[in-house]
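Read the structure below first, then the notes.
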Amino acid sequence: MQPRVAFCNRCRGMRVSWNKSYVLHRIFCTQFSPSRLGSLAVLTVVLLLFFAEPNTSLLTADRKEKPVQESELQTAAVMTVGPAVRSIEAFLTRQGVSRVRCERLASSIVNSAKKYDLNPKLIASVIIIESRGNPFAISGKDAIGLMQIHLPTWGDTAQREGVDLLKIEDNVDFGARILKNYVGQFGVREGLKRYNGFLAGDPTSEQSAEDYAEKVHRLYDFQ
């Protein structure tokens, strides 16, 4: 059986199969003879018919269709962001958190709040006090990221579990888990003091933790 596709040894054009490569091969590579002039004319007509520019009306239709498709995709994307995320995003923005990462941060906060049964505004308030929404913040006390995870205390756990403390989602989730543990044991205000590193019997630590809890509560309770 004759192969459907073959290539010319000279120009590497297709020698079998009716397509553009075959037509160009026949015109520019094959040696012409008077007996082939007729076939050349036919091939020229085929080239014009098959490879002419697309109709202008079709191009116009394509241009009209594209914005509609993009608009539909944008609408679908907006619909996936619920009011809870928008509320936290607005709260973060009012507190000076960069708009560049606000939606992603708000989504992470809402997801972790649902996961650990916390008020998302409480998590957002902790983030604002701890880092002002900077995912790369590092303190002089070896705390890192949005929720300032204390590395000497939690670093081994984070490493063992593969938590990237410089990633927004990981840091928020890990911090929310720690916060939930303290709040569950001691209540919101006392839990915040423990989250801050409260040391019982140390007046300086106690006052610092009290001031911290008060700052968070001012944001958390603010309407």
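Computed from the coordinates by the stated procedures, all read-outs in this text should not be read as laboratory data. Being a predicted model, the structure only gives us computed values, none of them experimental. Cβ sites come from the backbone with ideal geometry, for glycine too, and all protein chains shown count toward neighbours.
Brief remarks follow.
- For Ala213, the conditions (1) surrounded by 17 or more Cβ atoms within 10 Å (Cβ to Cβ); (2) part of a loop (DSSP other than H, G, I, E, B); (3) more than 27 Å from the chain's Cα centre (by Cα) all hold with the exception of (2).
- Subset of region 150-173 that is out of contact with any strand residue (DSSP E or B) (no Cβ under 6 Å at 6 or more places or on another chain) and buried (at least 21 other Cβ atoms within 10 Å of the Cβ) - its residue that is farthest from Lys215 (Cα to Cα): Asn171
- Leu166, sole failed condition from (1) under 35 Å from the mean Cα position of the chain (by Cα); (2) not in a loop (DSSP other than H, G, I, E, B): (2)
- Any hit, region 145-153, residues being under 24 Å from the mean Cα position of the chain (by Cα) and over 19 Å from Ser98 (Cα atoms): yes
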